[in-house]
Amino acid sequence: MIYIVLNLVPILAATAAGLLIGIIWLRLSPTLLPGVQTLILAGIAEFWLASILAGALILAPPEAGVWAMALGSAFVIWIGFVLPVLAVTFHVYRMARSSMISAAAHWLVVMLAQAGIMQAIGLVAPPGA
């Protein structure tokens, strides 16, 4: 996990962007703004998401353009991991389909923004990678 330490600045910038997108997303919905505990939990989740995404971006094959790989990696992770979990969770708890679509769209926007920010700032591969 040395890559997290080496890339702390872009990961923290991506974390901040994810939190900002979440606050704006909630502000545009009828949902109240989250409390401090929820923001702390969301910050931890955003940091971990950005860290995993940074690892994927570092390891992405260079065959395609760097921006295509950055945004494509975010999309593949979203469609492969985030979307199925949200779909099952919302179905099991019988939550509204519109809420699931909003949550899924929110996380796609967050992941694309995080990938774009980290790509723009630049990521450093650990030695030997």
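The values are calculated or read from the model by the stated rules, or taken from the named source; none is laboratory data. The shown structure was predicted, so the numbers you read here are calculated from the model rather than taken from an experiment. Note that each Cβ is placed from the backbone with ideal geometry, even for glycine, and that neighbours are counted across all protein chains shown. Ligands, DNA and RNA are stripped out before the accessible areas are found, and what is left, the full protein with its side chains, is counted by its heavy atoms. Shrake-Rupley method; radii C 1.70, N 1.55, O 1.52, S 1.80 Å.
Give me a comma-separated list of calculated 3J(HN,Hα) values for the stretch 49-56, in order, Karplus coefficients 6.51, -1.76, 1.60 applied at θ = phi - 60°, integers in Hz, x for any Gly or Pro.
Rounded to whole hertz, the list is 4, 5, 5, 5, 5, 4, x, 5.
If you take the square roots of the eigenvalues of the alpha-carbon gyration tensor of the stretch 4-113 and sort them as a ≥ b ≥ c, do you get rounded (a/c under 1.5), prolate (a/b over b/c) or oblate?
Values: a/c = 2.16, a/b = 1.39, b/c = 1.56.
Here the stretch 4-113 falls in the oblate category.
Which of P84, P30, P62 moves most in a GNM of the chain, Cα contacts under 10 Å?
Largest GNM mean-square fluctuation: P30.
Calculate, for the chain, the solvent-accessible area per residue in square angstrom, rolling a 1.4 angstrom probe over the heavy atoms of the protein chains.
Numbers: 7870 Å² over 129 residues.
That works out to 61 Å² per residue.
Can you pull the one-decimal nm distance between simple spin-label points at V92 and L28, each 7 Å off the Cα toward Cβ?
Going from the V92 label point to the L28 one covers 2.9 nm.
Could you state how much accessible area M1 has, in square angstrom rounded to the nearest 10, with a 1.4 Å probe and all protein chains kept in place?
140
To test your reading of the geometry: what angle, between 0 and 90 degrees and rounded to tens, separates the Cα axis of helix 97-121 from the longest principal axis of the chain?
It is inclined by approximately 20 degrees.
Using protein chains only and a probe of 1.4 angstrom, how many square angstrom of H91 are accessible, to the nearest 10?
140
If you count only protein heavy atoms and use a 1.4 Å probe, how large is the accessible surface of V9, to the nearest 10 Å²?
Roughly 110 Å² of V9 is accessible to a 1.4 Å probe.
I'd like the FRET efficiency for L20 and V76, computed as 1/(1 + (r/R0)^6) with the beta carbon distance as r and R0 of 41 Å, rounded to 0.05.
The pair L20/V76 has a calculated efficiency of 0.95.
Could you check how much of the accessible area of the chain is carbon and sulfur, as a whole percent, using a 1.4 Å probe? All intermediate terms of the calculation are to be shown ahead of the outcome.
Values: 5960 of 7870 Å².
Of all accessible area on the chain, carbon and sulfur atoms account for 76 percent.
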